[in-house]
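The values are calculated or read from the model by the stated rules, or taken from the named source; none is laboratory data. Just so you know, these numbers come straight off a predicted model, no measurement behind them. Every residue, glycine as well, gets a Cβ built from its backbone with ideal geometry; the counts of neighbours run over all protein chains shown. The protein model used for the area step is the full one, side chains on, heavy atoms only, and it has no ligands, DNA or RNA in it. Shrake-Rupley method; radii C 1.70, N 1.55, O 1.52, S 1.80 Å.
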Amino acid sequence: MSGIVCYLQRDAGGSLIQRVRLVGPGLDRSWIGDAGSSSAPINPGAALGAARAAARWVAEQLGRSRRELACVSIDSEGGLCMWVSSPSADPAILAAAMMTSETASLDEGDNGSRSEGSPLAVAATGVGLERSLQALDSTTVRARPSRRGAGEERRRLAVLSVPDAPVRVFLDELDSLKVEVRAVGSLWHAMSLAWDPSANRGPAAHDLQRALEREAAQSSPVTAVVLMAQPGRLIWSWSVGGDLLAGGTIRLRSIDLAEPEETAEPEDLGSTRRLPSAVAEDSKRALVCTRTDIGRLTTDWLAWASQIGRSPARIILVGPDTASDPLADPGAFEPDPVEMLVGAWHGAPVDARRSEDPVGDTLARLAQRPDDDSIASDPRVAMVELSRRPGRPHRRMYRWMALATLALSGLIGVLGWRLSTEAARVDSHADDAQAEIMQSMAEFATDIPGILQAPDPVAMLRSKINELKRSRTTIEHEPPILAEFQRVMDAIAGHEGVKLEQLTFHAVTPGSVLISLPEADASAGSSILLQLRQSTGVMSWRGESAGSPGTARRQYRFDGTWPTRRREGAGS
């Protein structure tokens, strides 16, 4: 824990905080509330006031420098440890299973039933409000067939039930005073962590290391810790590696050793009193542990061993020297509890730790343990619901979450506004484009009736174009008369003395050209024909001499024919 441990001692079945003790390095201080009759009905207002006064005292003792408690340990007053068959370890389901269960074995070896006022019913009443209920560990067992013949897989659970109404008030008051509590556990948890030699809990680097440590601890022997403490309690716990397996409490008798001496009145602190030490009012009393008490203890252990299949391999007894039973025969002598435990539980060595303040020594050892943040979430070493009780860190987290949600909402709002503005702009452009389209379509309204009212005018216009293409007449292309005329003139222009006598071009009939050749160049006609054939054109040309006998000039005639007429859609 490496810090200050706060111990709450309660009365009236756990309904009233009677004493608070702070134990830490160089620190051991106690507070006690107004004494009251434990048999009288508890006034809720008095219980509430005692819890708040205790929290204020703790805050005062811590001062302003260190506002933190490593652990709050709760005594075993009103607490029960039992085994329950349930399909789930959820506290609500556990409570329902306990209320409907026919029998269950309790920490003192009794059998509870569904009758009102039974220990099992008491342990399942007020879960979440007045009691904390949690499963310590689970073992899957074969379910018995139900009355309807169907089997249900259930688990045999070791369940811890602790009354915690004043503890909740105490924790809330500490939270309001800005005192942080890292973990809350029962005295059974504290005993297991403080005295079990195999409890090597420390900061884990990751979950795998913690799993390996847990597996190694399971191979360790079960350690039983027996604490003999005032006022008349024999408190025991079973643990493996510091993990609580089971626990219980047995009442012991206490006797006066001497007449109480007159002492100074304690300092009056209003509704509270501070004692010089945690055991001042019990310093003149001694515990009586008889064979009958050890017999009840071994009976409980045998019952638990039959349920979980394990039993203690070593026993650690922590407590003061005990007195002989004054109610026994004068000649009778009760041996030491160590000897009785050795004789009752064969094969398990008993390690006796003599202590006049067993609870204080347990808290001191607990305060020296290394820090481990995983303790608050492990039911085998802490009371999980109380350790995770919402406080200032949770409210701070919710506040920041609310602020983050508001900021995100604002961002989403701005983004939505931007998107809305952009959508309006796009709609405006779409309307303008639609208006332009309708204006363009208006030109075709005469030729295409109903195009302005059509849901898809573009498709309607495309259909009309295809219809026009299918229904139009064949178009015949005109021959290139001017191009052929230019072709002939280019061919003649390269020869001197050649005179154009006649030229005829028609779009349908063949064309003809008549030229006169000079006297000195009789081959000019053939040369012009060759040039026409080599030039690019459409008409095909042939030539021959056309002179009549007796004429003075030589003539040459060219005849050109058009190719097959080209028509659109028919190819060329």
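Quick notes
- The residue that is least open to solvent (accessible area, probe 1.4 Å), counting only those in segment 355-380 that are within 22 Å of LEU317 (Cβ to Cβ) and outside any helix (DSSP H, G or I), is SER355.
- Check on SER512, modelled with pLDDT of 85 or more, touching a strand residue (DSSP E or B) at 6+ places or on another chain (Cβ under 6 Å) and surrounded by 12 or more Cβ atoms within 10 Å (Cβ to Cβ): yes
- Segments classed as strands (runs of 3 or more DSSP E), wholly inside segment 198-263, with at least 2 members that are modelled with pLDDT of 85 or more: 222-229, 233-240, 243-251
- Entry remark, segment 490-513: residues being under 18 Å from PRO563 (Cβ atoms) and part of a loop (DSSP other than H, G, I, E, B) number 6 in total.
- If you go through segment 42-55 and keep only what is surrounded by 15 or more Cβ atoms within 10 Å (Cβ to Cβ) and of a type outside the set (A, V, I, L, M), you end up with GLY49, ARG52.
- Within segment 335-354, being of a type outside the set (A, V, I, L, M) and open to solvent by less than 40 Å² (accessible area, probe 1.4 Å) holds for PRO335, PRO337, TRP345.
- Among the conditions (1) within 24 Å of ARG542 (Cα to Cα); (2) assigned to a helix (DSSP H, G or I); (3) open to solvent by 80 Å² or more (accessible area, probe 1.4 Å), the only one that GLU478 does not satisfy is (2).
- Reported count of residues in segment 80-108, each being outside any helix (DSSP H, G or I) and at pLDDT 80 or above, is 11.
- Condition check for LEU415: at pLDDT 85 or above and either surrounded by 10 or more Cβ atoms within 10 Å (Cβ to Cβ) or in contact with a Leu (Cβ under 7 Å, 6 or more places away or on another chain) (or both): yes
- Count of segment 287-308 residues which are open to solvent by 30 Å² or more (accessible area, probe 1.4 Å), touching a strand residue (DSSP E or B) at 6+ places or on another chain (Cβ under 8 Å), at pLDDT below 90 and of a type outside the set (S, T, N, Q): 1
- When residues of segment 451-475 are limited to those that are touching an Asp or Glu at 6+ places or on another chain (Cβ under 8 Å) and outside any helix (DSSP H, G or I), the one farthest from PRO563 (Cα to Cα): THR474
- Segment 515-548, subset assigned to a helix (DSSP H, G or I) and among the aliphatic types (A, V, I, L, M), residue surrounded by the fewest Cβ atoms within 10 Å (Cβ to Cβ): LEU530
- Candidate set: segment 362-403, residues that are of a type in the set (Lys, Arg) and free of Cβ contacts under 8 Å to residues at least 60 places away in the same chain; chosen: the one nearest to LEU244 (Cα to Cα): ARG388
- Selection status of ALA423, modelled with pLDDT of 90 or more, assigned to a helix (DSSP H, G or I) and open to solvent by less than 60 Å² (accessible area, probe 1.4 Å): yes
- Scanning segment 160-188 for residues that are buried (at least 21 other Cβ atoms within 10 Å of the Cβ), under 27 Å from the mean Cα position of the chain (by Cα) and either at pLDDT below 90 or assigned to a helix (DSSP H, G or I) (or both) turns up just one, LEU171.
- The listed residue being surrounded by 20 or more Cβ atoms within 10 Å (Cβ to Cβ) and more than 30 Å from LEU27 (Cα to Cα), out of LEU80, LEU62, LEU69: LEU80
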